[in-house]
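J.: Could you have a look at this structure, given as structure tokens, before my questions?
Since every read-out is calculated from the coordinates, none of them should be taken as a lab result. Here the structure is a predicted model, which means the values were calculated and not measured. Counting neighbours? That spans all protein chains shown, and the Cβs are built from the backbone with ideal geometry, glycine included.
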There are 2 protein chains.
Amino acid sequence: MSSEKPAVRLALLGCGTVGSEVVRLLHEQSEDLTARIGAPLELVGIAVRRPGRQRDSDIDPALFTTDALGLVKRDDVDVVIEVVGGIEPARSWLTESLKAGKSVVTANKALLAEDGATLHDAAAEGGADLYYEAAVAGAIPLLRPLRESLHGDRVTRVTGIVNGTTNFILSSMDATGAGFGEALDEATELGYAEADPTADVEGFDAAAKAAILASLAFHTRVTAADVFREGMTGVTAADMASAKEMGCTIKLLCIAQRGEDSAGTDSVSVRVHPAMIPRSHPLAGVGDAFNAVFVEAEAAGQLMFYGRGAGGTPTASAVLGDIVAAARNRLSGTRAPSESSYAHLPIRPIGESVTRYHISLDVADRQGVLATVAGVFAKHEVSIATVRQSGRDEDATLVIVTHGAPDANLAATVEDLRSLDIVRSIASVLRVEGGA
Amino acid sequence: MSSEKPAVRLALLGCGTVGSEVVRLLHEQSEDLTARIGAPLELVGIAVRRPGRQRDSDIDPALFTTDALGLVKRDDVDVVIEVVGGIEPARSWLTESLKAGKSVVTANKALLAEDGATLHDAAAEGGADLYYEAAVAGAIPLLRPLRESLHGDRVTRVTGIVNGTTNFILSSMDATGAGFGEALDEATELGYAEADPTADVEGFDAAAKAAILASLAFHTRVTAADVFREGMTGVTAADMASAKEMGCTIKLLCIAQRGEDSAGTDSVSVRVHPAMIPRSHPLAGVGDAFNAVFVEAEAAGQLMFYGRGAGGTPTASAVLGDIVAAARNRLSGTRAPSESSYAHLPIRPIGESVTRYHISLDVADRQGVLATVAGVFAKHEVSIATVRQSGRDEDATLVIVTHGAPDANLAATVEDLRSLDIVRSIASVLRVEGGA
């Protein structure tokens, strides 16, 4: 398929798992891509740290350079694709590119979540496109719908499983009854977890994605620092068993919610933590290393987007989609919808976020225990939804699920319970989501 | 939020369930919409058949007109929104609008599926935008991802539950063991089925949507006439019970698949029929009147989009998203990606589509029956995956699930089985999807 139009010229920063897949797809799909864009794409350079490293032999070695900044400064580059990750030097390269009016396609969630403002400001200054579909939930077309489809609607809540590693671990704990350590070992063996899994299991990766999702959903700048974060290393086999008894499973969720704070101000709460969700919830069935994002909007109602959240090829698919969009815009002399942050909503601290707790207590099996325990909840104005009591010899277990209450009240309730004589131990505390 | 830019002016054709919700959302969200677009939206006219009918009192009666063609011809109209449905006069109005360079937002699946080409050609002639997110799967942002996100990828298959009425009926049959008639009655009572449910239960509605999805997924013009269609009125309580025994459920699926036909030509198969799918498949859990579309692409892998497929408010949400996109394009002097039909793939007839059958036979319990039956399959080169035989007195039931084979071979096998003396009756024949 020939084209009269001159090629759109691409510079690639990084050639690891995702980058080499981008190169492969650009090559394999070149005929389709030319048809869809109306002009061919031409890769003019690939910045890497070690050009001598063994790579796919199909790549012309003359394309490699170690001078990334020099590459993005070239006058003949139209679109810069960044798949290196990390804050610096990626930020300098992309800021330079955008200010010079070059379109940027990036998968760099850490940079977007920590300092997206700098990139968006540079894009506005240079009148350039900034696309980052691959930064959240890999191959799932999610950011474009949030950016471009739901903008006649008002999103009230986004609940996502956005980290494949932890979803694999929790799905495995759910299926086999394994503990966290055992399930993590399995994930590591199968290549789903990195040697140092901290970013995944402590929720840092999910928190970065939560910040990006919340920014788009609520037209408000949200950074990773605004996100309440609690990892899932504390989830035990006993917690999972308890969840099962309640007809629930446990997922590491990112939750971004719009609502009023205690003073009645329209505001945004963004948090990442493990939570019980009912098995009937569409997110409960998202197994393996899949990702899914559940969106609630005033008019659209409930939506869910599901797919592969990671991996070289799925992520490269999202990058390619963005490249085509950026290339089409350049040819037609237009721009994508730019950053939308007009709402400027304040961030609500976790203490003011309304959550529900599942609390499992080992208590002395004495008369009046339930009354004492219930009194602590009442003192903090936390309403109890259900209590299950099961005795064994001198001890009993109380499993209490609350109604929604400010997280600070729930936390204070747990603190007070801990100091009661009749409470031998607090076996588990988990938030509950997705219920009525 | 004020804007220096002049308003983008809208004409609305139709003011029923969806239209009145569009008007309400335009009014309620006007501040947000202005912020997102960069200019206000102004509704300048609403074409209806009976302007005197009782409507939402918030609508200025001066906006109503019975002269739809006159309205779309007005020079001061920028975007025409059509929520009337049907082929004519909608086609004339929209063709007129597009040729004159006015952007069109339509929810008219019947028109797009029967004669989308006329609309796309008119859009090309007038250099105008044609958006129709609401035409398939209501509120779910699905067409935009197919049009704009996956275009760096190659879609191989789209499997959808795109009709809420039949999904409600089948979900109810699955949950309660009810027969089709009983479940249909329930759907009618609850307002999920229309008084005349033919378009839904016979698969016409799903076939129209299948044509639109296939056109977008495969860059090929596909019309409703190209879609093999089989309704779900023949699905019995016994079929559902049989599906359950196999760990499956039954859904009315629309399936669009790209692959090679018997001559090795890259081609497209599009069909709508009830099918068994394993409970482990993400589509199996789509209950109630929800819609979901499962997309398989070479690079992206498996994706699913889930949400409300119908209803005034969800559909209006999709319409609003399109209005914003069209308005933004007008302000920036650009166009959306236009129709992409460069692939021109031929349509494969159902006989050449590879499917799998589940066949339940009542046979005489005699020696050699299985050998005879298996011989019929072998004669038509259909490979058997599993056989379950259960005897009762003189009769036995054989439940046979095949491997994939051309549908014509499977149909011929069933025809031959019917003529065997030892086959008393063929209790059910259902296609099987989503398996290995």
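J.: Counting other beta carbons within 10 Å of each Cβ, put B:LEU253, A:LEU190, B:LEU398 in order, fewest first.
T.: A:LEU190, B:LEU398, B:LEU253
J.: Working only with C-alpha atoms, what are the Rg and Dmax values of chain B, expressed in angstrom?
T.: 24.4, 87
J.: Now for a separate question. What three numbers, in Å, describe the spread of the alpha carbons of the protein assembly as shown along their principal axes, ordered from the longest?
T.: 79, 79, 74
J.: As I understand it, the dipole of the stretch B:169-259 uses +1 on the Cβ of Lys and Arg and -1 on the Cβ of Asp and Glu, about the Cα centre. Which of B:PHE204, B:ALA178, B:THR236 lies farthest toward its positive end?
T.: B:PHE204
J.: Here's something else I'd like to know. Determine, from the Cβ-Cβ distance of A:ALA408 and B:GLU182 and an R0 of 35 Å, the FRET efficiency 1/(1 + (r/R0)^6), rounded to the nearest 0.05.
T.: After rounding, the FRET efficiency stands at 0.10.
J.: Obtain the nm distance between the two label points defined at B:VAL387 and A:THR118 by a simple spin-label model: each point lies 7 Å from its Cα along the Cα-to-C-beta direction.
T.: According to this spin-label approximation, the distance is 7.0 nm.
J.: Compute the long axis of helix B:407-418 from its Cα atoms, compare it with the longest principal axis of the Cα atoms of chain B, and write down the angle in degrees, 0 to 90, nearest 10.
T.: Approximately 40 degrees, to the nearest ten.
J.: If the only charges are +1 at each Lys and Arg Cβ and -1 at each Asp and Glu Cβ, what is the size of the charge dipole of the stretch A:229-326 around the Cα centre, to the nearest 20 debye?
T.: Charge dipole, the stretch A:229-326, about its Cα centre: 340 debye, nearest 20.
J.: Rounded to the nearest 20 debye, what is the charge dipole size of the protein assembly as shown about its Cα centre when +1 sits on each Lys and Arg Cβ and -1 on each Asp and Glu Cβ? Walk me through the numbers on the way to the answer.
T.: Working: 78 positive and 116 negative charges, 204 e Å.
Charge dipole of the protein assembly as shown: 980 debye, to the nearest 20.
J.: GluC sites (Glu not before Pro), restricted to the stretch B:376-435: which are DSSP loop and have at most 16 other Cβ atoms within 10 Å?
T.: Here the GluC sites (Glu not before Pro) that fit, given the DSSP loop and packing criteria, are B:GLU381, B:GLU394.
J.: Same structure again: Students often get this wrong, so check it: of A:LYS5/B:LYS109; A:LYS99/A:LYS209; A:LYS102/B:LYS73; A:LYS109/B:LYS109; A:LYS5/B:LYS209; A:LYS99/B:LYS99, which have C-alpha atoms separated by over 32 Å?
T.: Distance filter (> 32 Å) returns A:LYS5/B:LYS109; A:LYS102/B:LYS73; A:LYS109/B:LYS109; A:LYS5/B:LYS209; A:LYS99/B:LYS99.
J.: Between A:TYR357 and residues 5 or more places away or on another chain, which pairs have amide H atoms under 5 Å apart, with H built 1.01 Å from N, and which residues are they?
T.: Residues meeting the amide H criterion: A:THR402, A:VAL432.
J.: Note down the Stokes-Einstein diffusion coefficient of the stretch A:155-278 in µm²/s, whole number, using a Kirkwood radius over alpha carbon pairs, 10 °C, and 1.306 mPa s.
T.: Approximately 106 µm²/s, per Stokes-Einstein.
J.: Moving to a separate point now. Given the options A:GLY321, A:GLY86, A:VAL268, identify the residue whose Cα lies farthest towards the positive end of the charge dipole of chain A (+1 on Cβ of Lys, Arg; -1 on Cβ of Asp, Glu).
T.: Value: A:GLY321.
J.: For chain B, what's the relative contact order in percent, using C-alpha pairs closer than 8 Å and at least 6 residues apart?
T.: After rounding, I find 16 percent.
J.: Just need the relative contact order of the stretch A:143-309 here, percent rounded to a whole number, with Cα pairs under 8 Å and 6+ apart. Intermediate results must be reported in sequence, preceding the final value.
T.: Working: 328 pairs, mean separation 54.3, N = 167.
The value is 33 percent.
J.: By how many degrees, 0 to 90 and rounded to 10, does the Cα axis of helix A:312-332 deviate from the longest principal axis of chain A?
T.: 50 degrees
J.: Could you give, in nm with one decimal, how far A:GLY375 is from each other copy of that position, shortest first, with labels 7 Å out from Cα toward Cβ?
T.: Output for A:GLY375: 8.6 nm, nearest copy listed first.
J.: Then there is this: Using Cα pairs under 8 angstrom and six or more residues apart, how large is the relative contact order of the stretch B:67-225, in percent?
T.: Once divided by the residue count of the stretch B:67-225, the mean separation gives 20 percent.
J.: In debye to the nearest 20, how big a dipole does chain A give about its Cα centre with +1 on each Lys and Arg Cβ and -1 on each Asp and Glu Cβ?
T.: For this selection, approximately 700 debye.
J.: Expected output is a single nm value to one decimal: the length gained when fully extending between A:GLU28 and A:THR236, i.e. 0.36 nm times separation in residues minus the C-alpha distance. What is it? Working shown, then result.
T.: Details: separation 208, 0.36 × 208 = 74.88 nm, distance 4.58 nm.
Separation in residues times 0.36 nm, less the Cα-Cα distance, equals 70.3 nm.
J.: Nearest 500 deg cm²/dmol is fine: what mean residue ellipticity at 222 nm does the protein assembly as shown get from its DSSP H runs of n ≥ 4 alone, each adding -39,500 (n - 2.57), divided by its residue count?
T.: Details: 26 runs with 298 residues, N = 872.
Helix-only estimate at 222 nm: -10500 deg cm²/dmol.
J.: Ok, one more. Sorted from fewest to most neighbouring beta carbons within 10 Å, what does the list A:CYS254, B:CYS248 look like?
T.: So the residues, fewest neighbours to most, are B:CYS248, A:CYS254.
J.: Suppose we consider the axis relating copy B to copy A; can you name the residue of B with the nearest Cβ and state that distance in angstrom as an integer?
T.: Spelled out as residue then distance in Å, it is B:THR334, 2.
J.: If you don't mind, there's one more thing I want to ask. Using a cut-off of 12 Å between beta-carbons, work out the net charge of the residues near A:GLY434 (Lys and Arg +1, Asp and Glu -1, A:GLY434 not included). Each step should come with its number before you reach the end.
T.: Numbers: positive: A:ARG157, A:LYS251, A:ARG279, A:ARG356, A:ARG431; negative: A:GLU296, A:GLU433.
Charge balance in the 12 Å sphere: +3.
J.: Rounded to the nearest 0.05, what FRET efficiency do B:LEU370 and B:SER262 give with R0 = 35 Å and r taken as the Cβ-Cβ distance? Could you check?
T.: It comes out at approximately 0.75.
J.: Next up: Report, for A:GLY16, each distance to the same residue's label point in the other copies, shortest first and in nm; define the point 7 Å along Cα→Cβ.
T.: 5.4
J.: Measuring label to label, 7 Å along Cα→Cβ, what does B:ASP266 give against each other copy in nm, shortest first?
T.: 4.8
J.: Take the Cβ-Cβ distance between A:ASP395 and B:SER280 as r, set R0 to 35 Å, and report the resulting FRET efficiency rounded to the nearest 0.05. Mind showing how you got there, number by number?
T.: Working: r = 40 Å, r/R0 = 1.14.
Calculated transfer efficiency: 0.30.
J.: Then there's this: Please give the helix A:164-176 orientation as an angle from the longest Cα principal axis of chain A, in degrees from 0 to 90, rounded to the nearest 10.
T.: For A:164-176 against chain A, the angle is about 40 degrees.
J.: What is the sum of charges around A:ALA310, taking Lys and Arg as +1, Asp and Glu as -1, for the other residues whose C-beta is under 15 Å from the C-beta of A:ALA310? Before the final figure, lay out the partial values.
T.: On the way: positive: A:LYS109, A:LYS209, A:ARG308; negative: A:GLU21, A:GLU133, A:GLU194, A:ASP200, A:ASP205, A:ASP288.
Net charge in that neighbourhood comes out at -3.
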